[in-house]
Every structure is written in C-alpha cells, then in structure tokens.
1. What is the extension gain from residue 27 to residue 40, computed as 0.36 nm multiplied by their sequence separation minus the C-alpha to C-alpha distance, in nm to one decimal?
2. 222 nm [θ] for the chain, helices only, -39500 (n - 2.57) per DSSP H run of 4+, per residue, to 500?
Amino acid sequence: PHERAGTGSRNRIKIPDACDAVGVSWMNPFDMLRTEQAAFRL
C-alpha cells in the first residue's frame, strides 16, 4: 500500500508525483529507515 509515482490517478495526487512536480526529492519508507539507520528493539 505504499504510494508509487506515475500511477496515472487524476482524482488523487500521489506524494511522489507532487514532489517531482516541485523538484523535491523523496524516498520510500524502507529507504528512509535504512538511511536513518532506524533500530527497533523489543
């Protein structure tokens, strides 16, 4: 259920498409967690 760029939906603008339109970089949640080196401990 993660948003993907370029799905063609006209009645709901996806975050990646909006970011691309204004020149802002974006990444998916898994890349963000990897980049931030998130650690989940129980």
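Laboratory data are not the source of any read-out in this text; all were calculated from the coordinates shown. What you are looking at is a predicted structure, and each value in this text was computed from that prediction instead of being measured.
1. Working: separation 13, 0.36 × 13 = 4.68 nm, distance 2.00 nm.
Extra length from residue 27 to residue 40 when fully extended: 2.7 nm.
2. Values: 2 runs with 15 residues, N = 42.
Per the formula, -9500 deg cm²/dmol.
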